Amino acid sequence: MIDVQNLSFSYAGFPGMALRGITLAMPKGQLCSIVGPNGAGKSTLCYALSGFIPHFYRGVLKGTVRVSGLDVAESSLGELAGAVGIVVQNPFNQITGARFTVFEEVAFGLENLGVPRDEIISRVAESLALTGLDSMHDQSPFALSGGQQQRLAIAAMIAMRPAVLILDEPTSQLDPIGTREVFGVLRRLAADQHTTIVLVEHKLEWVAAYSDRVIAIVRGQIVADGTARDVLTSDLIEEIGVGSTRLTRAARLARAQKLVDSQAALPVTLVQTIDFFEQKDR
Amino acid sequence: MTIPFSLYAPRESGLHKLHPLTKLALAGFVALCALVLPRAASYLLFLLLIVPLALWGRVFGRLMSAALRVALPFAISLLIIQGLFWQTGPILARVGPISIKLDGILFAVSTIGRILAILSSFVLLSLTTRPDALMLALSQRGLPDVIAYIILTTLQIIPRFQSKAQTIIDAQRSRGLETEGGLLHRIRALLPLVVPLVLSSIVDIEERAIALEARAFSHPGTKTSLFDLSDSLPERIFRWSLLAIALIIVVVRILTLRSA
């Protein structure tokens, strides 16, 4: 679904490389989280996967990016829009301002894709229900709170049913309940509709619980790639400043104080943590 | 739902249900007639076309209050200036050195009628037509999507821009910026307000452009629409007839003016 070969990029007018030699393949239906310190190139990677690099942000691009069968550099943003969806950080600026209600705002992308009216209505209603916005369908998108706008941006993308969905910190304005809803929606999209999801996220507990795969990036390079448990418990992840989940820290502390058998792998989810302290091996 | 900077008044009425282009054509027709026909005809246009339409659309009260609010200042100044400064004709009244001329008053009254007819025809259009429906109708007839987008988004972005400006003013004042006082003081206070406003707006535009592209704004192929703008054969015939009548009126008017 996503195939990146030796991708490097530097922004025009900025010295230094934002991405260096990224090679990456993601199958259909995988939920992959990207972690890394600020300025590591996470957002740049998001833009490169969705075509805003090189079509919107100029610079020197090397290597190839193929997303759902399209060569990103060869395709226009208009062609890519139906295949790759992107939700960026600032929820307020993702409201297009072209429509007057939440319902119409979500419908806007489908209108542009040429989806028939009946299907627009059913798809918009479905994605508003998924994101918990159905009671606000008649309000002005600008009247929503930050968290609601963030869910609106996600709803607008879900409705377009892209094969690949890229989300850059989609829960930054959400409370724990909203965060859980969004992760639940993403999990369901990956499972039911086989959407390939790339997620940049700082909330490690959620990343650990919901990701099929975690990739760590530092200074534009992939430094770790594997299951959440492998990547998020590595010493490297502490060194690069991403930190660990509270669960991992608790287990690490317990092991340091010799409360548990030191052979067990460190946990990242609640279930793994319980097993870790019960010293079961799953 | 409220639409900023729009007069739109949602009602269940036959006028609301008409195709936006039909209403636009009507407004254009009234405006053209008001400009081309003798000034006094404007009152007839207003009474015989706009008032019944407004009643049909159940927006008569809204129309009158909106139209009067705009037209009244014009009316008053027209009456005063034309009444006092008209050079010829019989004198209606004389107060010391000031004299009010009948012809000036007549000219003012007929001009007010013209303003009233043109103004109220477009107010009626805005009262009964959603701006997005009008833009959709126009883009279906070939108006570039970008222009329709600019018009619609401006309606929504300006209130956001104002609230952002207020946020910046509050932020700068909380850092000790004096925004009140003498003129020089206020001018000096402008820079720390304008610079962040302009810079952050440029950043916003960049992100909004990304959002638009992500929503397939430049997707090749035909777009569809959530709204069903129902257009009927009678409405089409009506619009073409309006155009034909308008042409006839213009031609007849030119001919009569020549022969006069």
Tell me whether the range A:249-256 contains one or more residues that are out of contact with any strand residue (DSSP E or B) (no Cβ under 6 Å at 6 or more places or on another chain), assigned to a loop (DSSP other than H, G, I, E, B) and either free of Cβ contacts under 8 Å to residues at least 40 places away in the same chain or among the β-branched types (Val, Ile, Thr) (or both). no
Tell me which residues, restricted to the range B:83-127, are under 21 Å from B:LEU32 (Cβ atoms), of a type outside the set (Gly, Ala, Ser) and either in contact with a Lys or Arg (Cβ under 6 Å, 6 or more places away or on another chain) or without any contact (Cβ under 8 Å) to a residue 24 or more places away in the chain (or both). B:ARG114, B:LEU125, B:LEU127
Residues that are in contact with an Asp or Glu (Cβ under 9 Å, 6 or more places away or on another chain): find the strands (runs of 3 or more DSSP E) completely inside the range A:1-41 holding 3 or more of those. A:19-26, A:31-35
Considering (1) closer than 30 Å to B:ALA137 by Cβ; (2) assigned to a helix (DSSP H, G or I); (3) at pLDDT below 85, say which one B:ARG236 fails and leave the rest. (3)
When the range A:111-151 is examined, which residues are found to be of a type in the set (A, V, I, L, M, F, W, C), in contact (Cβ under 8 Å) with a residue 24 or more places away in the chain and more than 19 Å from B:ALA133 (Cβ to Cβ)? A:LEU113, A:LEU128, A:LEU130, A:LEU133, A:MET136, A:PHE142, A:LEU144
Can you tell me which residue is surrounded by the most Cβ atoms within 10 Å (Cβ to Cβ) among those in the range B:186-242 that are acidic (Asp, Glu) and in contact with a helix residue (DSSP H, G or I) (Cβ under 7 Å, 6 or more places away or on another chain)? B:GLU213
Considering only residues that are under 22 Å from the mean Cα position of the chain (by Cα) and of a type in the set (Val, Ile, Thr), look in the range A:90-133 and name the one that is nearest to the other protein chains (Cβ to nearest Cβ). A:THR96
Which of the residues that make up the range A:212-244 are part of a loop (DSSP other than H, G, I, E, B) and at pLDDT 90 or above? A:ASP212, A:ARG219, A:GLY220, A:THR227
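Yes/no matrix, rows are residues, columns are (1) part of a helix (DSSP H, G or I); (2) buried (at least 16 other Cβ atoms within 10 Å of the Cβ); (3) of a type in the set (Ser, Thr, Tyr):
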site	(1), (2), (3)
B:ARG58	no, yes, no
B:LEU63	yes, yes, no
B:ALA71	yes, yes, no
B:PHE74	yes, no, no
B:GLN82	yes, yes, no
B:GLN87	no, no, no
B:LEU92	no, no, no
B:ILE105	yes, yes, no
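The values are calculated or read from the model by the stated rules, or taken from the named source; none is laboratory data. Just so it is clear, the structure is predicted and the values come from calculations on it, not from any experiment. We place every Cβ from the backbone using ideal geometry, glycine too, and count neighbours over all the protein chains shown.
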